Amino acid sequence: MTSSPTPVLLRYAGLEVPRYTSYPTAPRFTESIGDARYRGWLAALDTTAPLSLYLHIPWCRELCWYCGCHTSVARDMARVESYVDDLLAEIDLVAGAMPARMPVAHVHFGGGTPTLLSPDLFLCIMERLNARFDVAADAEIAVEGDPRTLTQPLVDALAAGGVTRVSLGVQELSARVQVAINRVQPLETVEAAVAMLRGAGIGALNIDLMYGLPHQSVTDVRATALAVSSLAPDRVSVFGYAHVPWFKKHQRVIDDAALPQLAERWAQAEAAAEVLTERGGLVEIGIDHFARAHDPLARLQREGRLKRNFQGYTADTASTLIGFGVSSIGALPSAFVQNAREIRPWREAIGERRLPVVRGVELTADDRLRAAVIERIMCDFAADVGAVCAAQGFAPETLDPEIGKLAPLVQDGLAVVEGRTVRVPQDARRLARVVAAGFDAYWQPSPAPRHSVAV
Ligand code: SF4
């Protein structure tokens, strides 16, 4: 059965807090990082440590009104083709700045809609990656897909290119909600996409769902989760819609009055979790993922080794993530870097043979320590803060002041503190972001909204 939050917990659900897919979070990036420093970090990479690669395809067939991604409508394929030309040049440029032909264990195509690429364009990118990097035979190659754009020739190309995992954006199956979010995609479209992928031997399937959408109800969420369970996905993510129309202008089309309020959002998240675990046979991973018990995400969670990166919870263990394409973010052992967010400066930099990184942050030892504590809270709902401090070379009492400041959260039932161990109780797990924020040296409640609400 779903549980209802106490009024005290519900008060925290409306807090705007980071999702902690990185720490420090992207708003902390500054323009002090560019081509020269990125080159220095790339040149110093350990040539034996496998990389993870992320490629951003910032094009979609049309815009979904809820979209929070960095994307544009591709009015004609010539623009996509020209983008891929520059992407190939960027791959050459970045690989050329590395000390050797580097091993790669994980490739992720995100967007936007990577499945908008033609079969030839997709294979062309894979060919270039294989030419420039030593992509492992057992590498995970994951692609985010829109079921409306999948065709048999494209699925065949994905399989030929070595794709092992596809994440299908489903979000919600109610026709009423689909109209309100401008993403009309009946269940049959999703079923056809799943059949094509499995028929081509692409075995690992993720499905992305959402709650908190306009006109969406608990009944809708349950029905969608049930229908999705019948497709037997390996992983499901369930994200809360982040209504940030001051940041994403197209979201202004969404009627504020049609949005579920906090208690309803909480109930929808709980309903999805209940159906996916009880009917779908999945285990809950962190705050918003679900996976089969044999899936690497579930195994890593059991072992206390789950990680978070810009895609959310991940089984990717690479210590370096290289981003390609506009707006993509890379994570190096000592820094985060971000490419230009607009196509023109990104393209100009590549044309001038400059790495198109324009922002980032170099990590201090304190950043790394806090990142480790925040990651454990987000992944395990518990952190032995003293042990994390010791493992990072700090005195165990280093973060005692932060633990002390959790007192109001302890009083309100969001956290339990035993010695230096901080735990998020079962009924407050949806609020883990609020507890994690207690260890964020930069975050403070802001009068100007910058983040999505906690639930
Ligand atoms: S398909 Fe995905 S990336 Fe494109 S507009 Fe819709 S939600 Fe955004």
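The values are calculated or read from the model by the stated rules, or taken from the named source; none is laboratory data. Computed from a prediction, not measured in an experiment: that's the story for all the values here. Please note: Cβ atoms are built from the backbone with ideal geometry, for glycine as well, and neighbour counts cover all protein chains shown. Areas reflect the complete protein model, heavy atoms only, side chains present, ligands, DNA and RNA absent. Shrake-Rupley method; radii C 1.70, N 1.55, O 1.52, S 1.80 Å.
Quick check: is even one residue across the stretch 10-32 under 30 Å from Q426 (Cα atoms) and more than 24 Å from the chain's Cα centre (by Cα)? Checked the stretch 10-32: at least one residue is under 30 Å from Q426 (Cα atoms) and more than 24 Å from the chain's Cα centre (by Cα). Criterion applied to L158, L173, L168 was being assigned by TED's automatic domain parsing to the domain that holds W59, within 16 Å of the ligand (Cβ to nearest atom) and crowded, with 22+ Cβ neighbours inside 10 Å, and the one residue passing it is L168. The set of residues in the stretch 56-110 being among the charged types (D, E, K, R) and surrounded by 18 or more Cβ atoms within 10 Å (Cβ to Cβ) consists of D86, E90.
The combined condition, being surrounded by fewer than 21 Cβ atoms within 10 Å (Cβ to Cβ) and either of a type in the set (D, E, K, R) or not in a loop (DSSP other than H, G, I, E, B) (or both), is fulfilled by L226.
Of all residues being open to solvent by less than 10 Å² (accessible area, probe 1.4 Å) and within 16 Å of the ligand (Cβ to nearest atom) in the stretch 114-144, which is farthest from Q178 (Cα to Cα)? Just the residue, please. By that ranking, first place goes to A142. Just one residue in the set L87, L53, L42 is in contact with a His (Cβ under 9 Å, 6 or more places away or on another chain), assigned to a helix (DSSP H, G or I) and more than 16 Å from the ligand (Cβ to nearest atom); that residue is L87. One residue stands out in the stretch 56-76 among those that are within 16 Å of the ligand (Cβ to nearest atom) and free of Cβ contacts under 8 Å to residues at least 60 places away in the same chain: the one that is farthest from L209 (Cα to Cα), namely R75.
Within the stretch 1-43, the residues that satisfy the criterion of being among the aliphatic types (A, V, I, L, M) and either more than 22 Å from L129 (Cβ to Cβ) or in the same structural domain as V434 (by TED's automatic domain parsing) (or both) are M1, V8, L9, L10, A13, L15, V17, A26, I33, A36.
Of the strands (runs of 3 or more DSSP E) lying entirely inside the stretch 339-455, those carrying at least 1 residues that are surrounded by fewer than 22 Cβ atoms within 10 Å (Cβ to Cβ) and of a type in the set (D, E) are 357-362, 382-384, 416-418.
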